[in-house]
Amino acid sequence: MTGLELVLALVVLLAGGAAPIWLVLTTTGIIMLRKPPGMLEMMGSLHQVARTYLRVILVPALVILVAAVVWAAVAYPRLANLILAGAVAGLLSSLALDVVRLTGYAMGWMPSNMPHTFGRMILGPTAMAGQVKTVGFLYHLLNGIGFGLIYALPAPLNAQRDARSLESLGQLETDAIDDRMILVGHIFAVEAFMNRWNEGARHSHRAEVRDAFVRNWHRANRWHLAAIAMAEKMQFIEPQPEITR
């Protein structure tokens, strides 16, 4: 990918990222600066930012994105295929996410319904509920398409044409990471998940939610103990103290 095709891909990447990245960064940064005292004031500030953002950034970015996609479809079919694949993958991923998201929100596992929050940010705190849901869900799908473009465009790899064998790749000696770092890091990473499951169980008032968190804690604990035993056997860590009666 060289020349104008590369430039066009960068334009699509930046324009496609307007929805999923720039709004979050812009609104978060401004809210941190303003520090609204309450939820109502915060939603009002978010609406002011989103309203300006839509008019100044998002709408022009979408116009540029559509023009770039049409240009790619005419002049660069390989880039057009990448754009289509990324957009479809992002859209389907958003719909698949909704299955988990809506279930989790209905069962009280998630504190808020993000598409509804997006709709309230865009339309303001006084908008009707139906309008908020529609606009928020459309923006949610646009987010998914934008993420799909972000993930698809930087890696235009043709697996059949560009594939290489392990022998041709050779070996690269590095001290950046070794088996000890991987295994010990795994121990601490699993322990962090266990702490999250424990906190989730402690804060939920629903028995079935607590049971789900506890089951996940025990699953993680099995991996945790296995990693500790392996690290001890490979002498990466000191042996754990034994409790005798």
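The values are calculated or read from the model by the stated rules, or taken from the named source; none is laboratory data. Just so you know, these numbers come straight off a predicted model, no measurement behind them. Virtual Cβ from ideal backbone geometry, glycine too; neighbours counted across all protein chains shown.
Structural remarks
- Cβ-Cβ distances below 6 Å connect no pair with a first residue in the stretch 211-231 that is closer than 16 Å to I187 by Cβ and surrounded by 15 or more Cβ atoms within 10 Å (Cβ to Cβ), a second residue that is modelled with pLDDT of 85 or more and of a type in the set (S, T, N, Q), and a separation of six or more residues or different chains.
- Within the stretch 48-69, residues that are closer than 25 Å to V7 by Cα and in contact (Cβ under 8 Å) with a residue 60 or more places away in the chain sit with their Cβ atoms under 7 Å from residues that are surrounded by 14 or more Cβ atoms within 10 Å (Cβ to Cβ) and among the aliphatic types (A, V, I, L, M), at 6+ positions apart or across chains, in these pairs: L54/I122; A68/L8; A68/V11; A68/V12; A68/A15.
One line per residue, one yes/no per condition, for (1) of a type outside the set (V, I, T); (2) over 30 Å from A106 (Cα atoms):
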{"residue": "I187", "(1), (2)": "no, yes"}
{"residue": "A192", "(1), (2)": "yes, no"}
{"residue": "H203", "(1), (2)": "yes, no"}
{"residue": "D211", "(1), (2)": "yes, no"}
{"residue": "M234", "(1), (2)": "yes, yes"}
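- Identification of helices (runs of 4 or more DSSP H) wholly contained in the stretch 1-105 with 2 or more residues that are modelled with pLDDT under 75 and buried (at least 18 other Cβ atoms within 10 Å of the Cβ) yields 23-34, 39-53.
- The numbered conditions (1) within 18 Å of M107 (Cα to Cα); (2) under 24 Å from the mean Cα position of the chain (by Cα); (3) surrounded by 14 or more Cβ atoms within 10 Å (Cβ to Cβ) are all true for E199 except (3).
- Condition check for I122: of a type in the set (V, I, T), in a helix (DSSP H, G or I) and touching a Lys or Arg at 6+ places or on another chain (Cβ under 8 Å): yes
- Within the stretch 71-85, residues that are farther than 10 Å from V12 by Cα sit with their Cβ atoms under 9 Å from residues that are exposed (fewer than 14 other Cβ atoms within 10 Å of the Cβ) and not hydrophobic (A, V, I, L, M, F, W, C), at 6+ positions apart or across chains, in these pairs: R78/N158.
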